[in-house]
Amino acid sequence: QVQLVESGGGLVQPGGSLRLSCTASGSIFSINDMGWYRQTPGKQRELVARITTGGSTNYADSVKGRFTISRDNAKNTVYLQMNSLAPEDTAVYSCRAEVTRRATIGVLFEYWGQGTQVTVSS
């Protein structure tokens with residue numbers, strides 16, 4: 001049993017900031033890559049930011065310089081600090097994690113959170 005729970009979404013004005021959190025819980029042996037994705041109606045889900053266990057990061061070009069992904073391995077938590085938000089950032093943001101479960105060590109499973117709505121509007 002592994003689940004991801006996101007929090008921190010909401011309504012914010014253009015230029016504002018939000019900080020998303022995602023915590024993994026359950027029978028976890030280890031967590032590899034973690035990332036944030038977003039999706040709007042009629043558009044394909046896209047990678048926003050990704051972070052490895054060692055701290056290497058990747059960002060979508062559209063968010064570079066504005067968003068920062070980080071993680072706390074001790075808490076099984078990944079964060080997304082979003083600054084200088086614009087209306088085009090409006091989307092459902094979902095957390096993804098690659099998890100090795102205690103019951104199946106040596107096998108990676110992909111888990112997704114339920115998603116949290118981020119709306120940027122005046």
Virtual spin-label span in nm between Glu110 and Glu46, 7 Å along Cα→Cβ: 1.9 nm
Theoretical gain in end-to-end length, Gln3 to Ser62 [0.36 nm per residue, Cα-Cα removed]: 18.4 nm
Gain on full stretching of the segment that runs from Lys75 to Gln39 - 0.36 nm per residue minus C-alpha separation: 10.3 nm
Radius ratio Rg over Rh of the chain, counting only Cα atoms, Kirkwood formula for Rh: 0.98
Percent RCO, i.e. relative contact order, over the chain, from Cα pairs under 8 Å lying at least 6 residues apart: 36 percent
Gln13-Gln117 FRET efficiency (beta carbon distance; Förster radius 22 Å; 0.05 resolution): 0.90
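A short reminder: the numbers here are calculations on the coordinates, not readings from a lab. Computed from a predicted structure; not experimentally measured. A quick note on method: Cβ atoms are made from the backbone with ideal geometry, for glycine too, and the neighbour counts reach across all protein chains shown.
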